[in-house]
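See below for the structure under consideration.
The values are calculated or read from the model by the stated rules, or taken from the named source; none is laboratory data. Quick caveat, the model's predicted, so the values are computed rather than measured. When we count neighbours, we look across all protein chains shown, and the Cβ atoms used for this are built from the backbone with ideal geometry, even at glycine.
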Amino acid sequence: MRGEKESIAWSNAPTKVAAERSPVLDGSGVIHALALRQPGVDVGLERAEAMRSLAPFYLDLRLELGVGSRRFCTAEQVHGAEIAVVDAQTEGVCAGVDGLLTRDPSVCLGIFTADCCAVFLVDSVRRAIGLLHSGAKGTRLGITSAAIAQMQQEFGTEAADLVAVLSPCIRPPLYEIDFAAEIRRQCSVAGVRRVFDSGACTGSDLRKYYSYRLERGKTGRLMALLALC
C-alpha cells in the first residue's frame, strides 16, 4: 500500500513561485509547501551554484507564505539519522543532522531534496512538527522511526495523533530501492495511522522536479517548508 488517499497527497499551491501543497494538512495548524523546479532557472551546475540561483525564488516563497521573517532552520543533510530540536535561538544550518523538530511558532523548518524524500510530520494536538531528509541511507538507518520516537519523548506526541506526508522522491524502476515503502513501514510500525504518499517519482518528470540521478548530480533542489501557524 503506497499510503492513504494517494490522490490528494499533493496539489498545486496558489503561489507565484512554482510549488505544491498537501490538502491532507488542511486544518492541522501548519504552513507548508514543496517548491518545485523553477521555470527558466539554469541549474545544470554544481550544487552551491545551483542553490545560489534558486535562493531568490525560495525566499520569495517564504515571503508569500508569511514566514519570511521567521528563523529559517535547515539541516546539514549528511544522509544520517540524527535529528535536532530547534527554536528561535538556533543559529544557521544544524550540523550533522537530517531531521528537524520544533514546537516554536517563530521557526520555519526547511529541507532540500533532489530524489530523496522530505517527510512531513505534524502533531496538531500538541502543536509539534518535524521535517526529515530521508534518502536510501537515512531510511535504512531509521530516521523516520527515530524522529517519531523523539517527538514522543520531547513533546509527548502520541503516534495516533500524527499525520505523515511523504514528498515526491525517486522510485523503482528508476532507482533500485523503494525507500518510500520503508518510510511508510516505519510510520506504520511506530503506530502512525495517517500516512500519505502520492507515489510521484522525481526522476519521471524533469519538467516538475529535480533529480540528482537523472541529471547526473548537476541540478537544483526542491525545498520543503513546514512551520506552525
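Being at positive phi and of a type in the set (Gly, Ala, Ser): is that true of Gly138 here? Step through it out loud before you land on a result.
Values: at positive phi: no; of a type in the set (Gly, Ala, Ser): yes.
When the stated conditions are applied, Gly138 does not pass them.
Test each condition in (1) buried (at least 16 other Cβ atoms within 10 Å of the Cβ); (2) at pLDDT below 95; (3) farther than 25 Å from Gly203 by Cβ for Val97 and report the one that comes out false.
That leaves (2) as the condition not met.
If I filter segment 1-17 down to residues being surrounded by 15 or more Cβ atoms within 10 Å (Cβ to Cβ) and either touching a His at 6+ places or on another chain (Cβ under 8 Å) or modelled with pLDDT of 95 or more (or both), which single residue comes out as farthest from Leu162 (Cα to Cα)?
Val17
Being closer than 21 Å to Arg213 by Cα and in contact with a helix residue (DSSP H, G or I) (Cβ under 7 Å, 6 or more places away or on another chain) is the filter here; which residues of segment 26-44 pass it?
Kept after step one, since they are closer than 21 Å to Arg213 by Cα, are these residues of segment 26-44: 34-44.
Correct list: Ala35, Gln38, Val41, Asp42, Val43.
Among residues belonging to segment 103-127 that are aliphatic (A, V, I, L, M) and over 17 Å from Val67 (Cα atoms), point out the one that is farthest from the chain's Cα centre (by Cα).
Let us first name the residues in segment 103-127 that are aliphatic (A, V, I, L, M), namely 107, 109, 111, 114, 118-119, 121-122, 125.
Filter once more, so that each one left must be over 17 Å from Val67 (Cα atoms): 114, 118-119, 121-122, 125.
Values: Ala114: 11, Ala118: 3, Val119: 5, Leu121: 9, Val122: 12, Val125: 21 Å.
Among them, the one singled out is Val125.
Please go through segment 123-164 and pick out each residue that is among the basic types (Lys, Arg), closer than 18 Å to Val85 by Cβ and in contact (Cβ under 8 Å) with a residue 40 or more places away in the chain. Don't jump to the end; show me each part of the working.
Going residue by residue through segment 123-164, those that are among the basic types (Lys, Arg) are 126-127, 137, 140.
From what's left, closer than 18 Å to Val85 by Cβ: 126-127.
Across segment 123-164, the qualifying residue is only Arg127.
For Val78, which of the numbered conditions (1) part of a loop (DSSP other than H, G, I, E, B); (2) closer than 21 Å to Ile177 by Cα; (3) in contact with a helix residue (DSSP H, G or I) (Cβ under 6 Å, 6 or more places away or on another chain) fails to hold?
Of (1) part of a loop (DSSP other than H, G, I, E, B); (2) closer than 21 Å to Ile177 by Cα; (3) in contact with a helix residue (DSSP H, G or I) (Cβ under 6 Å, 6 or more places away or on another chain), only one is false for Val78: (3).
Taking into account only those residues within segment 64-81 that are without any contact (Cβ under 8 Å) to a residue 24 or more places away in the chain and either surrounded by 14 or more Cβ atoms within 10 Å (Cβ to Cβ) or touching a Pro at 6+ places or on another chain (Cβ under 7 Å) (or both), which is farthest from Arg103 (Cα to Cα)? Walk me through it before giving the result.
To start, the set of residues in segment 64-81 that are without any contact (Cβ under 8 Å) to a residue 24 or more places away in the chain comprises 68-69, 76, 78.
Restricting the remaining residues to those that are either surrounded by 14 or more Cβ atoms within 10 Å (Cβ to Cβ) or touching a Pro at 6+ places or on another chain (Cβ under 7 Å) (or both) gives 76, 78.
Numbers: Glu76: 20, Val78: 24 Å.
In this case the residue turns out to be Val78.
Residue check: is Gly203 part of a loop (DSSP other than H, G, I, E, B) and farther than 19 Å from Leu109 by Cα?
On the way: part of a loop (DSSP other than H, G, I, E, B): no; farther than 19 Å from Leu109 by Cα: yes.
Spelling it out, it is not the case that Gly203 is part of a loop (DSSP other than H, G, I, E, B) and farther than 19 Å from Leu109 by Cα.
Of the residues Leu34, Leu61, which single one is surrounded by 20 or more Cβ atoms within 10 Å (Cβ to Cβ), assigned to a helix (DSSP H, G or I) and not polar (S, T, N, Q)?
Working: Leu34 fails: assigned to a helix (DSSP H, G or I).
Only one candidate qualifies: Leu61.
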